[in-house]
Each structure stands twice: as C-alpha cells, then as structure tokens.
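The values are calculated or read from the model by the stated rules, or taken from the named source; none is laboratory data. Note that this is a predicted model, so its numbers are computed, not measured. Positions of Cβ are backbone-derived with ideal geometry, glycine not excepted, and every protein chain shown enters the neighbour counts.
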Ligand SMILES: Nc1ncnc2c1ncn2[C@@H]1O[C@H](COP(=O)(O)OP(=O)(O)O)[C@@H](O)[C@H]1O
Ligand SMILES: [Mg+2]
C-alpha cells in the first residue's frame, strides 16, 4: 500500500481521516490522482486499518475544465478593460495631433505620429472585439430541456460522499441565458457546496417559479419581473462567516488559499446578470448555505 500511497503511513489514526490526495502509480507506470481516507478500529482483540482509495481522474478533469473557463472569462474582462482605457487615450492623442496639424501642416514627423496613433487605435479595437468575442450567446432556454443533460456532470462534481437532489417545477417559463454559462454556474455552486462538506452531506438544487414581488428588490434597478425562475443551490455544509459572505462575490476572494481561484462565485454572478437577473447568498455558520439566482422570464415565449 505504501508503494502507491507514499503518505499512507503518515495518515492520522481513527476516527476516519479527512480525505487526502496523492498521486498513484498504475501498473504501467502512469501517474493518476487518488483520494484516500484511513480509519483504524479494534475488533476481536486486534487492530484493523481500513483504507478507501478512489481514482479521482474524472473529477480533476472537470475541475481543470472549469478553471480554464474561469481564466478565459477573467482574461476577457481584463483585455476589455485595458482596451477600453487605451482606446480613450488614443482618441485624446489623435484629437491633439489633429489640432497640431492645423498649426504646423503636414510635417513628416506629425504624419508618422498620426499613423502610429491609428495603429494604436486599431490594436485597441481588436482587443475589444476579442474581449467581446467571449463565447456567450444568450438564447431562450427551457430548464427542463437543458438541466437533465447536465446532471451527470453535476453528480460527478458532487462526488460520492454527497447526496445531490435536483427538482424542476413543471411549466417554468423560458429564460434568456447561455446554456454553457448556466452549466458553469451550477458546476461552480456544486463544487463550492461539496468543498463546504468534507464529511458529506446533501446538495439540493431547486428550479422553481419566482415570486415577482419578493424578487423585485433584488433585481437590477429594482425592476419587478412579470415572471421568472428562481434557482437555489443549498448545502448542509460549513456555512460562511459574515465577513466571508460579504466578500464572496469579489473576484479572487477565496478562503481556500492555494486551492481556490476565487472566481467561482463571480462567474455565477455574471451568469445571473447576463440573464438579466441577480444572485445572492443566504448562509448560516455550521448549518449551510443557499445561493439564489433570480432570473426573469425570456421576453417572448415562442
Ligand atoms: N457553499 C459554500 N459554503 C461555504 N462557503 C462557501 C460556499 N461557497 C463559497 N464559499 C466561500 O466563498 C469563497 C469564494 O468562493 P468562490 O468564488 O467559488 O471561490 P473559491 O471556491 O475558488 O474559493 C470560498 O473560498 C468560500 O470561503
Ligand atoms: Mg468555488
């Protein structure tokens, strides 16, 4: 055992240890990630050790894919912000070069300057179009069509020690959202919930009709939606301290130093906002957390 799990001997004695991760070695020499827990107990006068080893290659693949998507999203935002400011500076410089031309005519140095400024403007426009080319295409989607296709991925993300329950109310209106963004948002929420429950627990995802009056105060501009959907993802995990909850939607804010990117909840919030709605958190320390997404109904029902 210690051959494939070098840290095995160092594992703490009973009660069952928290899951730990190691790199395992396959018979053909290939490496793969494993998660293991150890526990010791005495029975029939002897000490026993039980070790549960799980191949988590699939989970890692899912998490890597998500992290990549998060990085792209942030790169897009950064590029967009820089391009925007840069474009404004170029416009100021161009305007002044024009004024200068009125004074000194078409001096070759001025011509060169204007050409460079035009190239700078071009560059900022290309950057902006890159930032806007994020593969987001809001379309009218019906949760009862798209969510069942995601359940395998979500179950995998939740892991085997967590029970995942999903409930979709009948007859929900369509929403304007990008299915890829919805999948990422749910995946982020499930991963967060799982991480808050290292000893297992329950994640419940509910898709229900929202109450327009109750939703109004949360909606952008306080606008009361005529109809819409409320998605809630609840866990029975550690909950959040008030100061964590306050900052949870901040990009790069994480309490999981070294493991978290702090980009999960900001992505969830972006998703809700792109869909014309809002996201908020309810959390009680040691009881659990519920993340609510309030999404207005798509403008036209075909
Ligand atoms: N379901 C949850 N239960 C408890 N804490 C949570 C939950 N979801 C998020 N958090 C807290 O919010 C922080 C930010 O979450 P997130 O933006 O997804 O970043 P990350 O998961 O990379 O840390 C987490 O580090 C954690 O402290
Ligand atoms: Mg997260």
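Summed over the stretch 276-287, residues that are away from ligand 2 (no atom under 16 Å from the Cβ) and either more than 17 Å from the chain's Cα centre (by Cα) or more than 20 Å from residue 247 (Cβ to Cβ) (or both) total 7. May I ask you to verify whether residue 79 is under 30 Å from residue 33 (Cα atoms), touching a helix residue (DSSP H, G or I) at 6+ places or on another chain (Cβ under 6 Å) and not assigned by TED's automatic domain parsing to the domain that holds residue 187? So residue 79 does not fit the description; no.
Please verify whether the stretch 236-243 includes one or more residues that are touching a helix residue (DSSP H, G or I) at 6+ places or on another chain (Cβ under 7 Å) and within 15 Å of ligand 2 (Cβ to nearest atom).
Scanning the stretch 236-243 turns up at least one residue that is touching a helix residue (DSSP H, G or I) at 6+ places or on another chain (Cβ under 7 Å) and within 15 Å of ligand 2 (Cβ to nearest atom).
Among the residues of the stretch 152-159, at least one is exposed (fewer than 13 other Cβ atoms within 10 Å of the Cβ) and closer than 30 Å to residue 227 by Cα. For the stretch 263-286, the count of residues that are buried (at least 18 other Cβ atoms within 10 Å of the Cβ), within 8 Å of ligand 1 (Cβ to nearest atom), touching a residue at least 40 places away in the same chain (Cβ under 8 Å) and part of a loop (DSSP other than H, G, I, E, B) is nonzero.
Residue-wise test of (1) surrounded by fewer than 16 Cβ atoms within 10 Å (Cβ to Cβ); (2) modelled with pLDDT under 90; (3) assigned to a helix (DSSP H, G or I).
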position: 80; (1), (2), (3): no, yes, yes
position: 85; (1), (2), (3): yes, yes, yes
position: 92; (1), (2), (3): yes, yes, yes
position: 95; (1), (2), (3): yes, yes, yes
position: 115; (1), (2), (3): yes, yes, yes
position: 126; (1), (2), (3): yes, yes, yes
position: 130; (1), (2), (3): yes, yes, yes
position: 137; (1), (2), (3): yes, yes, no
position: 147; (1), (2), (3): no, no, yes
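For the residues 225, 251, the requirement of being in contact (Cβ under 8 Å) with a residue 12 or more places away in the chain, within 14 Å of ligand 1 (Cβ to nearest atom), part of a loop (DSSP other than H, G, I, E, B) and in the same structural domain as residue 178 (by TED's automatic domain parsing) singles out 251.
Every test in (1) within 14 Å of ligand 1 (Cβ to nearest atom); (2) assigned to a helix (DSSP H, G or I); (3) out of contact with any strand residue (DSSP E or B) (no Cβ under 8 Å at 6 or more places or on another chain) is passed by residue 213 save one, and that test is (1).
Tally the residues that are part of a helix (DSSP H, G or I), in contact (Cβ under 8 Å) with a residue 24 or more places away in the chain and either more than 15 Å from ligand 1 (Cβ to nearest atom) or under 26 Å from residue 299 (Cα atoms) (or both), restricting the search to the stretch 149-186.
11
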